[in-house]
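Report on the structure given below.
The values are calculated or read from the model by the stated rules, or taken from the named source; none is laboratory data. Note that the structure is predicted; figures quoted are calculated from it, not measured. Methodologically, a virtual Cβ is constructed for each residue, glycine included, from the backbone with ideal geometry; neighbour enumeration extends over all protein chains shown. Surface accessibility is based on the protein's heavy atoms, side chains included, excluding ligands, DNA and RNA. Shrake-Rupley method; radii C 1.70, N 1.55, O 1.52, S 1.80 Å.
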Amino acid sequence: MNNRKLKIIYVLTSGGIGGAQRYVRDLTTALPKNEFETVTITGGKDIPSLSNRIVPFFVNDVAAIASLARAFRSFSPDIIHLNSSKAGVLGAFSAFLYNSLLRKKGTPRARVVFTAHGWVFNPANHPPYLVRVAYALLHRTAAYFQDAIVNVSGADYDIALHYRIASARKLVTIPNGIDPNMKFLDREIARKAILSKLATEKFLNSSTHELMNSTWVGSIGRLSKEKDYGTLIRAMALVPRAICIIIGNGPEFKTLKVLSGKLQVDDRLFFVSPRGDDAILLKSFDLFILPSIKEGLPYSILEAGAAGVPAIVTDAGGMPEVFKDFPASVVPMKNPEAMAARINKFLENPSLREEARHAIATSVATRYRIDAMVRETKRVYH
């Protein structure tokens, strides 16, 4: 009987904080060490050419394909697991090059797995139509060199079928999962930590005592176009009885800061730079909001459920699936009026918030567990 460990190489477009990075970290931590040997390579840090930096004539992309193929040869993996769009496309071409020409004699062909953390060509996403079509064609081509495509939500699976990315034989749905017993700071300590950070960064002008006892609407996420925090800011202009805390940074920070000033909510809407373990602060919020236009299945929603925080989300990606037993938590994308109306309704009705809290906590505890995610991913590997 062959007891050799399976060697897995994980590829990410970039490091830092994000859903794909969290997914890979959780898998490499949870997979049994007596069964798997893992290594992770990321764009920028390990392979400079594998990044989202734009270079004319695809010079970066060609260099990244070659560099990845050499990395595969060095590690001789049994499984190449690609994550995020750019790594998924370029990594698939690199895997083909490795399997066809560079594989060492006597080593098995590497199985190629790609996890789509929300398809970039999702029709609700911000890129122009022709750009989204180009992305779909690239993913359809890359799928020829991928043995399995993991979708983190049923919505992603349906999109992949609709755009004919691959046959149903290659597609599988494995939702993201977390430890439902993860630890959080209690409400008062979490709020003090956030207010202390705001004061240190000189973003705080209001009374700390007044803010400690206010109603908090909050969110955690990257300040990018995909997260559409502009909709939340516009909604907060219609929610006068609460302050809003957005934990995150990203390319849209300046634009969002200007918008909050223009709408005159900057005295009660604060941006907090992330610290890396921001989920432990979730109990500071009375209500969690995620206004995205493009998602796979965000960890922040699952963590809000584990923290027992009621939530309102848009109908993007797999988020409505988490709330299938409580659809009142879901509002249309890009609709600040609908979002504001729902926020006000939740804040005015404690029993509705309690019902929402119970629904999301139950959903996460029963359907979005990390042990199930690891078990199903192992089946794909084998």
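State which residue is surrounded by the fewest Cβ atoms within 10 Å (Cβ to Cβ) when the search covers only the stretch 141-154 and only residues that are of a type in the set (S, T, N, Q) and under 16 Å from the mean Cα position of the chain (by Cα).
Ser153
All but one of (1) assigned to a helix (DSSP H, G or I); (2) open to solvent by 30 Å² or more (accessible area, probe 1.4 Å); (3) within 24 Å of Lys334 (Cα to Cα) hold for Ala199; state the number of the condition that does not hold.
With (1) assigned to a helix (DSSP H, G or I); (2) open to solvent by 30 Å² or more (accessible area, probe 1.4 Å); (3) within 24 Å of Lys334 (Cα to Cα) applied to Ala199, the lone miss is (3).
Just wondering, is there one or more residues in the stretch 12-21 that are within 14 Å of Thr115 (Cα to Cα) and either more than 20 Å from the chain's Cα centre (by Cα) or in a strand (DSSP E or B) (or both)?
Yes; the residues of the stretch 12-21 include at least one that is within 14 Å of Thr115 (Cα to Cα) and either more than 20 Å from the chain's Cα centre (by Cα) or in a strand (DSSP E or B) (or both).
Would you call Ile17 under 27 Å from Leu297 (Cβ atoms) and open to solvent by less than 40 Å² (accessible area, probe 1.4 Å)?
No, not satisfied.
Go through (1) closer than 20 Å to Glu188 by Cα; (2) open to solvent by less than 30 Å² (accessible area, probe 1.4 Å); (3) at pLDDT 95 or above for Val272 and report which single condition fails.
(3)
Can you tell me how many residues within the stretch 338-362 are basic (Lys, Arg) and farther than 20 Å from Arg234 by Cβ?
Final tally of qualifying residues: 2.
Out of the stretch 330-355, which residues are farther than 23 Å from Val265 by Cβ and within 22 Å of the chain's Cα centre (by Cα)?
Val330
Restricting attention to the stretch 234-241, does a residue exist that is open to solvent by less than 10 Å² (accessible area, probe 1.4 Å), touching a residue at least 40 places away in the same chain (Cβ under 8 Å), under 19 Å from Arg369 (Cβ atoms) and not aromatic (Phe, Trp, Tyr)?
No; the residues of the stretch 234-241 include none that is open to solvent by less than 10 Å² (accessible area, probe 1.4 Å), touching a residue at least 40 places away in the same chain (Cβ under 8 Å), under 19 Å from Arg369 (Cβ atoms) and not aromatic (Phe, Trp, Tyr).
List the helices (runs of 4 or more DSSP H) inside the stretch 298-382, counting only whole elements, that have at least 3 residues being over 23 Å from Arg25 (Cβ atoms), in contact with a Phe, Trp or Tyr (Cβ under 7 Å, 6 or more places away or on another chain) and without any contact (Cβ under 8 Å) to a residue 60 or more places away in the chain.
350-367
Return the only residue of Phe271, Phe288 being of a type in the set (Phe, Trp, Tyr) and more than 17 Å from the chain's Cα centre (by Cα).
Going through Phe271, Phe288 in turn, just one is of a type in the set (Phe, Trp, Tyr) and more than 17 Å from the chain's Cα centre (by Cα): Phe271.
Within the stretch 267-294, how many residues turn out to be among the hydrophobic types (A, V, I, L, M, F, W, C) and part of a helix (DSSP H, G or I)?
4
Report yes if some residue within the stretch 110-122 is part of a helix (DSSP H, G or I) and of a type outside the set (Asp, Glu); otherwise report no.
no
Tell me, which residue of the stretch 23-70 that is basic (Lys, Arg) and at pLDDT 85 or above is nearest to the chain's Cα centre (by Cα)?
Here the residue is Arg25.
Count, please, the residues in the stretch 95-109 that happen to be among the small types (Gly, Ala, Ser), part of a helix (DSSP H, G or I) and surrounded by fewer than 22 Cβ atoms within 10 Å (Cβ to Cβ).
1
Out of the residues in the stretch 249-266 meeting the condition of being outside any loop (DSSP other than H, G, I, E, B) and either touching a residue at least 40 places away in the same chain (Cβ under 8 Å) or among the small types (Gly, Ala, Ser) (or both), tell me which one is nearest to Gly230 (Cα to Cα).
The selected residue is Ser260.
Test Lys227 against the stated conditions and say whether it is open to solvent by less than 40 Å² (accessible area, probe 1.4 Å), out of contact with any helix residue (DSSP H, G or I) (no Cβ under 8 Å at 6 or more places or on another chain), of a type in the set (Lys, Arg) and modelled with pLDDT of 95 or more.
The answer is yes for Lys227.
Of all residues in the stretch 155-181, which are more than 28 Å from Arg140 (Cβ to Cβ) and either open to solvent by 50 Å² or more (accessible area, probe 1.4 Å) or outside any loop (DSSP other than H, G, I, E, B) (or both)?
Across the stretch 155-181, the qualifying residues are Ile178, Asp179, Asn181.
Of the residues in the stretch 270-329, how many are more than 24 Å from Thr366 (Cβ to Cβ) and touching an Asp or Glu at 6+ places or on another chain (Cβ under 6 Å)?
3
Residues in the stretch 29-40: is at least one surrounded by 19 or more Cβ atoms within 10 Å (Cβ to Cβ) and free of Cβ contacts under 8 Å to residues at least 40 places away in the same chain?
The answer is yes, given that some residue of the stretch 29-40 is surrounded by 19 or more Cβ atoms within 10 Å (Cβ to Cβ) and free of Cβ contacts under 8 Å to residues at least 40 places away in the same chain.
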